[in-house]
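Step one of this worksheet: look at the structure below.
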Amino acid sequence: MGLVGTGAVRDGGAALPHGFWAAVRVWLEKPQVLNKRLCGAAVEAEGTVMLGEDREAASSVAAVRGGGSDEEPAVPTELGWLWREVQGQLPARDGRLPPPLTPWSGPGHGSELRAVLRTLLPRGRPVGSPPARELSVQDASNGTVTFLPLEENNEGKYQIKKCNIYQIQLKHIKDEEWSISIVAPFPEDWFEDGIAYPKLAWIGNKLLSKLVKWSVEQKSSEFKSTLSLISVAKYSQVYQDLKEKYRDMVKVWPEVTDPEKFVYEDVAIATYLLVLWEEERKEKGLTKKQSFVDLGCGNGLLVHILNNEGHPGRGIDVRRRKIWDMYGAGTHLEESTIVPGDTHLFPETDWLIGNHSDELTPWIPVIAARSSYSCCYFVLPCCFFDFHGKYSRRQSRKTQYREYLDFVAQVGAVCGFQVEEDCLRIPSTKRVSFVGKTRTYPPPDHALVDKQIAQYINTRQPRDRRVGVNYSDHSDGLCKEAASELPEKEAESAGTVWMPGFQPREKVEQVRNCASLPRDFVADVVLSVANLLLNAAPQNSSSGMLGRSTDSWNQGESLSLKEVAEHLTKETLKRLKNEYGGLQTLLKNNHQVFEVLNGRVHIRDWRKEKATRRAEPEVKRCPSAGALKTRLCWFFIHHPDGCSLPSESCPYAHGTEELRQSQIIKKKKHL
């Protein structure tokens with residue numbers, strides 16, 4: 001009765017009971033990793049409470065975090081007062097838990113309990129729904145955590161939602177055998193809203209299985225918790241507002257990039273900065289909104305949102321984007337090349353932003369430090385660049401991403417910043433950001449720190465390019481000795497450059513995905529690789545059958561990319577090396593002929609493609625009518641057995657007489 005679920009745990013690594021409490025902490029602070037209808041949880045108050053004989057509870061609030069908004073009722077920070085109210089409302093009265101819940105260590109023992117008040121934050125904004133709050137009570141002595149859902153009455157007092165009480169229990173069976181159970185005293189009355197309170201079956205299955213898994217996992221994340229520097233509740237509120245406000249940008253996105261990814265990613269980054277800056281204004285007693293400069297602003301959407309939300313600032317990028325013309329006069333964007341030096345300092349700016357700023361990423365803390373003592377920075381590293389070019393790995397024990405993040409954090413520390421790391425909630429694998437908003441030195445030590453910065457930059461250069469430095473001013477010494485190595489067109493600003501050989505991005509973006517290679521060259525490579533695969537297979541084909549016999553059509557063998565490359569000429573490989581992805585990209589571009597899976601190259605068998613598409617929903621499997629028979633079938637022309645499909649089933653033309661003009665091209669011209 002009341003048992004929702006139980007799971008066996010085998011602990012061979014001495015992870016329990018500590019691993020159990022770590023798993024409970026994940027569910028308390030980050031329920032969204034499991035319940036996808038939540039965007040997080042805000043811990044409003046946390047502390048220890050005592051259970052005594054007279055039910056009088058003393059409390060010590062260990063942490064209080066603001067998570068409410070002006071529209072929400074005030075959250076009680078006096079945890080002892082809330083605890084006393086809750087004890088008297090328990091169904092068994094006198095602070096005792098109803099069966100089958102394991103009772104807290106009984107009165108008279110003066111046992112110490114840990115209480116956490118949290119608010120569950122839903123994705124979206126349910127209309128008319130009050131915030132869901134819970135008081136969780138952890139009893140380490142008997143291995144239980146009890147969740148007490150709270151409702152606020154008309155008098156502003158909290159009452160327990162008794163139907164949704166549940167408890168997670170850890171029990172030691174023997175030796176390495178443990179069990180984790182979830183029990184609810186009133187399962188027949190359980191209220192399910194589909195958001196904060198899922199079905200009991202979900203709790204007994206999904207939640208329980210994850211708690212079992214997390215409890216014995218020994219690995220610890222090498223990254224910080226998501227949104228650890230700001231209020232999750234405030235972030236959720238602002239994000240929903242901005243997402244609704246700028247969602248139409250997806251429909252009119254003129255760039256070739258994925259609109260949903262870039263729009264919602266920039267909305268999330270803007271939300272983070274707006275909340276971070278609002279909290280900074282409260283800390284410092286400021287009323288004026290912070291100014292900013294986004295270095296390497298790209299599509300400019302982040303600048304557009306921040307400008308619209310009242311923050312004065314501008315974005316600078318080496319190349320103008322088509323979408324810039326859509327923003328209007330209120331969005332300030334500049335097309336300019338940034339070369340780190342004295343001509344690119346921003347003494348009147350509060351914050352510098354580096355959002356996927358590529359070669360400028362390590363320079364942003366330096367520019368902020370040298371712009372003014374009050375200048376702060378936010379950087380979201382993506383591509384790996386050092387001061388002088390591509391970043392070279394120096395350690396093998398870390399992942400390349402973690403090693404590069406540590407380098408960017410080290411740059412900020414060298415520049416005299418108290419560097420804070422956080423993980424953003426964005427649709428990207430590169431989500432770790434750094435914030436530098438306080439200094440580790442007083443203003444009179446600026447010259448010493450500047451000397452330290454110059455020394456550090458010099459040590460990051462290749463040995464054959466290191467120079468002596470005059471540290472009396474960062475515009476002397478290193479900068480002037482670098483002047484002789486700069487192109488003639490930069491001679492006017494030669495005395496201001498901080499790094500010899502710095503290469504900004506080119507103004508005209510080069511297409512290097514094999515799409516601009518000559519057609520004859522591509523056709524020769526495709527034919528060579530196809531013949532290599534076909535000749536590697538046993539010759540049991542029957543030429544002239546046009547592939548109508550499924551047993552005789554030569555599918556060729558599969559070879560690794562390395563094996564294929566070994567059969568190509570040095571001139572061909574050298575040419576492909578200049579393209580992003582090289583040989584693999586070229587083969588994937590020619591998907592009519594090849595299939596590249598797990599590093600191996602196969603001849604594509606369109607009979608299998610057709611069988612796969614039959615199993616898909618009709619909406620997905622129907623190709624665009626305007627794309628059929630617009631290109632010649634490679635197999636019909638080059639394969640010794642012809643095409644594996646009959647003409648009426650093949651999306652490509654079997655001969656020039658079947659070719660038709662693409663309707664897609666016509667539509668584009670019409671638009």
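Which of the residues spanning the range 100-120 are open to solvent by 30 Å² or more (accessible area, probe 1.4 Å) and at pLDDT 80 or above?
Within the range 100-120, 100, 102, 103, 114 meet the criteria.
Residues checked against (1) in contact with a helix residue (DSSP H, G or I) (Cβ under 6 Å, 6 or more places away or on another chain); (2) open to solvent by less than 60 Å² (accessible area, probe 1.4 Å); (3) at pLDDT 85 or above; (4) not hydrophobic (A, V, I, L, M, F, W, C):
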position	(1), (2), (3), (4)
597	no, no, yes, no
612	no, no, no, yes
654	yes, yes, yes, yes
657	no, no, yes, yes
665	no, no, no, no
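What number of residues within the range 11-28 satisfy the criterion of being open to solvent by 60 Å² or more (accessible area, probe 1.4 Å) and at pLDDT 90 or above?
Total satisfying the criteria: 2.
Conditions (1) buried (at least 17 other Cβ atoms within 10 Å of the Cβ); (2) outside the structural domain of residue 42 (by the TED database); (3) under 24 Å from the mean Cα position of the chain (by Cα), marked per residue:
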site: 153; (1), (2), (3): no, no, no
site: 163; (1), (2), (3): no, no, no
site: 186; (1), (2), (3): no, no, no
site: 193; (1), (2), (3): no, no, no
site: 205; (1), (2), (3): no, no, no
site: 208; (1), (2), (3): yes, no, no
site: 224; (1), (2), (3): no, yes, yes
site: 243; (1), (2), (3): no, yes, yes
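Modelled with pLDDT of 90 or more, in contact with a Ser or Thr (Cβ under 6 Å, 6 or more places away or on another chain) and within 30 Å of residue 326 (Cβ to Cβ): which single residue out of 306, 302, 295, 274 fits that description?
Testing whether each residue is modelled with pLDDT of 90 or more, in contact with a Ser or Thr (Cβ under 6 Å, 6 or more places away or on another chain) and within 30 Å of residue 326 (Cβ to Cβ) leaves just 295.
Restricting to the range 215-248, what's the tally of residues that are in a helix (DSSP H, G or I) and farther than 19 Å from residue 353 by Cβ?
So the answer is 14.
Just a yes or no: is a residue in the range 352-363 assigned by the TED database to the domain that holds residue 287, polar (S, T, N, Q) and surrounded by fewer than 18 Cβ atoms within 10 Å (Cβ to Cβ)?
Among the residues of the range 352-363, not one is assigned by the TED database to the domain that holds residue 287, polar (S, T, N, Q) and surrounded by fewer than 18 Cβ atoms within 10 Å (Cβ to Cβ), which makes the answer no.
Residue-by-condition table, conditions (1) within 23 Å of residue 598 (Cβ to Cβ); (2) exposed (fewer than 14 other Cβ atoms within 10 Å of the Cβ); (3) modelled with pLDDT of 90 or more:
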{"position": "530", "(1), (2), (3)": "yes, no, yes"}
{"position": "533", "(1), (2), (3)": "yes, no, yes"}
{"position": "542", "(1), (2), (3)": "no, no, no"}
{"position": "553", "(1), (2), (3)": "no, no, yes"}
{"position": "566", "(1), (2), (3)": "yes, yes, yes"}
{"position": "570", "(1), (2), (3)": "no, yes, yes"}
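All but one of (1) modelled with pLDDT of 95 or more; (2) open to solvent by 10 Å² or more (accessible area, probe 1.4 Å); (3) in contact with a Phe, Trp or Tyr (Cβ under 9 Å, 6 or more places away or on another chain) hold for residue 374; which doesn't?
Answer for residue 374: the failing condition is (3).
When residues of the range 34-74 are filtered for being at pLDDT 50 or above and open to solvent by less than 70 Å² (accessible area, probe 1.4 Å), how many remain?
17
Tally time: how many residues in the range 1-47 are farther than 20 Å from residue 425 by Cβ and free of Cβ contacts under 8 Å to residues at least 12 places away in the same chain?
Looking only at that region, the number is 2.
Just to verify a result, which residue in the range 421-451, among those that are assigned to a strand (DSSP E or B) and of a type in the set (Lys, Arg), is surrounded by the most Cβ atoms within 10 Å (Cβ to Cβ)?
The qualifying residue surrounded by the most Cβ atoms within 10 Å (Cβ to Cβ) is 437.
Scanning for something at pLDDT below 60, outside the structural domain of residue 383 (by the TED database), surrounded by 12 or more Cβ atoms within 10 Å (Cβ to Cβ) and not in a loop (DSSP other than H, G, I, E, B), does the range 495-513 turn up at least one residue?
Yes, the range 495-513 has at least one match.
Output the number of residues of the range 394-420 satisfying the condition of being over 24 Å from residue 30 (Cα atoms) and either assigned to a loop (DSSP other than H, G, I, E, B) or open to solvent by less than 30 Å² (accessible area, probe 1.4 Å) (or both).
The qualifying residues number 17.
Take residue 159 and decide whether it is among the polar types (S, T, N, Q), touching a strand residue (DSSP E or B) at 6+ places or on another chain (Cβ under 8 Å), surrounded by 22 or more Cβ atoms within 10 Å (Cβ to Cβ) and not in a helix (DSSP H, G or I).
Against the criterion (among the polar types (S, T, N, Q), touching a strand residue (DSSP E or B) at 6+ places or on another chain (Cβ under 8 Å), surrounded by 22 or more Cβ atoms within 10 Å (Cβ to Cβ) and not in a helix (DSSP H, G or I)), residue 159 does not qualify.
What number of residues within the range 383-393 are within 29 Å of residue 373 (Cβ to Cβ) and surrounded by fewer than 17 Cβ atoms within 10 Å (Cβ to Cβ)?
Adding up the residues that qualify gives 0.
Within the range 1-34, take every residue that is out of contact with any Leu (no Cβ under 9 Å at 6 or more places or on another chain) and in a helix (DSSP H, G or I) and give me the one that is farthest from residue 207 (Cα to Cα).
18
Please list, ordered by first then second residue, the pairs with beta carbon atoms under 7 Å, 6 or more apart or interchain, first in the range 402-419 and in contact (Cβ under 8 Å) with a residue 24 or more places away in the chain, second in a helix (DSSP H, G or I) and among the aromatic types (Phe, Trp, Tyr).
Listed pairs, sorted by first residue: 414/456.
Only one of (1) within 18 Å of residue 21 (Cβ to Cβ); (2) touching a helix residue (DSSP H, G or I) at 6+ places or on another chain (Cβ under 9 Å) fails for residue 171. Which number is that?
Failed condition: (2).
What is the number of the single condition among (1) exposed (fewer than 14 other Cβ atoms within 10 Å of the Cβ); (2) in contact (Cβ under 8 Å) with a residue 12 or more places away in the chain that residue 179 does not meet?
(1)
Just to be sure, is residue 306 open to solvent by 20 Å² or more (accessible area, probe 1.4 Å) and under 24 Å from residue 252 (Cα atoms)?
Answer is no for this residue.
The values are calculated or read from the model by the stated rules, or taken from the named source; none is laboratory data. Keep in mind that what you see is a predicted model, and the values were worked out from it rather than measured. Neighbour counts run over all protein chains shown; Cβ positions are idealised from the backbone, glycine included. With ligands, DNA and RNA removed, areas are computed over all heavy atoms of the protein, side chains included. Shrake-Rupley method; radii C 1.70, N 1.55, O 1.52, S 1.80 Å.
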